[in-house]
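Trainee: One structure, pasted below without further comment.
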Amino acid sequence: MMFISLFKHLDDEKINELVASLNKSTQSLLEAEKRTKMPAQVLTDLQNATAKAKGAMESATVLINGIAARVQAAVDKAIAGGASAADLAPVQQLVIDLNTDASALSDAVAANLRF
């Protein structure tokens, strides 16, 4: 009721101005939406690129872990063959470094998947 009585006090010119203003605002909103809307193909491309990057990072983690395991096996074999732990300390440190890097990469992959 109050809404209708408001318009009773407005003349046609004022109503036309209000309608024009609403139309202009609506058009501005529609144009803004078009400018900010991401095309479907862009989103699909982004999803594909993300999946490829994730796969590459996971593969790198597996590779690093595999290298670390092989080096560790070589260290263990060398110690079993008579080498001292002190002699192999630099190589053992590489195994530790590789495992640390693999963990860091794995953590980074996991952290970047949460969005």
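The values are calculated or read from the model by the stated rules, or taken from the named source; none is laboratory data. Here the structure is a predicted model, which is why all the values come from computation and not from measurement. Neighbour counts are summed over all protein chains in view; Cβ atoms, including those assigned to glycine, are modelled from backbone coordinates with ideal geometry.
Trainee: Given the criterion of a type outside the set (A, V, I, L, M), at pLDDT 80 or above and within 19 Å of the chain's Cα centre (by Cα), identify the matching residue among 106, 84.
Mentor: It is 106.
Trainee: Yes or no: residue 76 at pLDDT 85 or above and either within 26 Å of residue 110 (Cβ to Cβ) or touching a Leu at 6+ places or on another chain (Cβ under 6 Å) (or both)?
Mentor: On the way: at pLDDT 85 or above: yes; either within 26 Å of residue 110 (Cβ to Cβ) or touching a Leu at 6+ places or on another chain (Cβ under 6 Å) (or both): no.
No; evaluated as a whole, the condition is false for this residue.
Trainee: Tell me yes or no: at least one residue of the range 81-94 is polar (S, T, N, Q) and under 30 Å from residue 46 (Cβ atoms).
Mentor: Step one: filter the range 81-94 for residues polar (S, T, N, Q), giving 84, 92-93.
Of the ones still in play, those that are also under 30 Å from residue 46 (Cβ atoms) are none.
There is no residue in the range 81-94 that is polar (S, T, N, Q) and under 30 Å from residue 46 (Cβ atoms).
Trainee: Given (1) hydrophobic (A, V, I, L, M, F, W, C); (2) loosely packed, with under 13 Cβ neighbours inside 10 Å; (3) in contact (Cβ under 8 Å) with a residue 40 or more places away in the chain, where does residue 57 come up short, assuming only one miss?
Mentor: Of everything listed in (1) hydrophobic (A, V, I, L, M, F, W, C); (2) loosely packed, with under 13 Cβ neighbours inside 10 Å; (3) in contact (Cβ under 8 Å) with a residue 40 or more places away in the chain, residue 57 misses just condition (2).
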